[in-house]
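Enquirer: I'd like to ask some things about the structure below.
The values are calculated or read from the model by the stated rules, or taken from the named source; none is laboratory data. All figures in this text were calculated on a predicted structure; none of them were measured in a lab. Every residue, glycine among them, receives a Cβ derived from its backbone with ideal geometry; neighbour counts consider all protein chains shown. Remember, those area values only see protein heavy atoms, side chains included, never the ligands or the DNA or RNA. Shrake-Rupley method; radii C 1.70, N 1.55, O 1.52, S 1.80 Å.
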Amino acid sequence: KLLSTQGHAELVHMEERLRKVLVEKELQLVMDLLTQAAVTGSIDQPTAQALCHRNDIPKEAWRRILPELFAMLEHDGYLKALPGGKYMFVSNLLQKWWRGRFEAFYEAV
């Protein structure tokens, strides 16, 4: 069912939801966080901090914003926390779809 057009619509809805609830700077960071997790299999705090730096988010801001964004991504079913402060996609299907959609824009940290 999820591989059908109806499933595709549900996956696109997950992306669109982010665009509705986040301001531009947060949205770009979340897209980068999710793409990093999709391409490499997980994301950790040092990588998330490096992505903040890449997106010109000052250190004092990312100390506040990263926990909030990761909590939102966990609550909404995108990511789950792993031991050691890493996060990975909850759904293999969503991870593969996200990787397929955004991997071409991925730049290694």
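Enquirer: For the stretch 82-91, which positions are modelled with pLDDT of 95 or more, within 13 Å of L34 (Cα to Cα) and surrounded by fewer than 19 Cβ atoms within 10 Å (Cβ to Cβ)? First the steps, then the outcome.
Expert: Let us first name the residues in the stretch 82-91 that are modelled with pLDDT of 95 or more, namely 82, 86-90.
Filter once more, so that each one left must be within 13 Å of L34 (Cα to Cα): 86-90.
Residues satisfying the conditions are K86, M88, V90.
Enquirer: So, one more: For residues that are in contact with a Ser or Thr (Cβ under 8 Å, 6 or more places away or on another chain) and open to solvent by 80 Å² or more (accessible area, probe 1.4 Å), tally how many sit in the stretch 92-109.
Expert: Number of matching residues: 3.
Enquirer: Identify the single condition in (1) more than 10 Å from the chain's Cα centre (by Cα); (2) within 20 Å of F105 (Cβ to Cβ); (3) in contact (Cβ under 8 Å) with a residue 40 or more places away in the chain that D44 does not satisfy, given that it satisfies every other one.
Expert: Every listed condition holds for D44 apart from (2).
Enquirer: Kindly evaluate L29 against the criterion of being open to solvent by less than 20 Å² (accessible area, probe 1.4 Å), in contact (Cβ under 8 Å) with a residue 12 or more places away in the chain and in a helix (DSSP H, G or I).
Expert: Details: open to solvent by less than 20 Å² (accessible area, probe 1.4 Å): yes; in contact (Cβ under 8 Å) with a residue 12 or more places away in the chain: yes; in a helix (DSSP H, G or I): yes.
Here the answer is yes, as L29 does meet what is asked.
Per-residue answers, yes or no, for (1) more than 17 Å from A108 (Cα to Cα); (2) touching a residue at least 40 places away in the same chain (Cβ under 8 Å):
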{"residue": "R19", "(1), (2)": "yes, no"}
{"residue": "V23", "(1), (2)": "yes, no"}
{"residue": "A50", "(1), (2)": "no, yes"}
{"residue": "N55", "(1), (2)": "no, no"}
{"residue": "E60", "(1), (2)": "yes, no"}
{"residue": "P67", "(1), (2)": "yes, no"}
{"residue": "A71", "(1), (2)": "yes, no"}
{"residue": "L82", "(1), (2)": "yes, yes"}
